[in-house]
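Only the coordinates and a few stated rules stand behind these numbers; no lab work does. In this text the structure is predicted, and so the values were computed from the model without any measurement. For neighbour counting, all protein chains shown are included, and Cβ atoms are generated from backbone atoms with ideal geometry for every residue, glycine included.
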């Protein structure tokens, strides 16, 4: 058995129904189940280089009331090398898409970094941004800042 390498940061999401969440992450989004602890209603999932943990609410980790949508104020960017295939799979499953697939360019220092991306809400309202890099280019505003 290959030893699982853990990322430095792994979000753990409290979910209302572990079975519903597993169905969404495994079947709609094509995540891989790395391992689970059924007695704890816990699962460790991965998609390419990204990792998340999900656990059905149990009161142990809650710091306040959890009211839908659970993920208010955060979006999780998940890098993928197969964004078009992932998007098609979500559409074929008739799952609602929050923001349709599009190209966006973001300033990063003195350049622009491009992503092809889309956003969906998981069954508990966590905002998931799937992104695939499409390259870098010069920031046109940067030439005016050089003096």
Measuring from label point to label point, each 7 Å out along Cα→Cβ, what is the residue 12 to residue 76 span in nm?
-> 1.3 nm
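In which sequence would 124, 65 go, from the one with the fewest C-beta neighbours within 10 Å to the one with the most?
Values: 124 20, 65 5.
Arranged by neighbour count, lowest to highest, 124, 65 become 65, 124.
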Tell me, what is the percent relative contact order of the chain, built from C-alpha pairs under 8 Å that lie six or more residues apart?
-> 20 percent
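Calculated FRET efficiency, residue 91 and residue 35, Cβ-Cβ r, R0 35 Å, to nearest 0.05?
Working: r = 30 Å, r/R0 = 0.85.
Computed FRET efficiency for residue 91 and residue 35: 0.75.
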At the level of C-alpha centres, the distance separating the range 1-76 and the range 99-114, in angstrom, is 27 Å
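Given 0.36 nm per residue, what is the gain on full extension from residue 84 to residue 110 after removing their alpha carbon distance, in nm?
6.5 nm
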Over all alpha-carbon pairs of the chain, lay out the pair-distance distribution in 5 Å bins, whole %, shortest bin first.
-> 2, 8, 16, 19, 18, 13, 10, 6, 4, 2, 1, 0, 0
On a 0 to 90° scale, report how tilted helix 83-92 is relative to the longest principal axis of the chain, with both axes built from alpha carbons and the result rounded to the nearest 10.
-> 50 degrees
Only bridges with both residues in the chain count here: give the DSSP antiparallel percent, nearest 5.
-> 75 percent
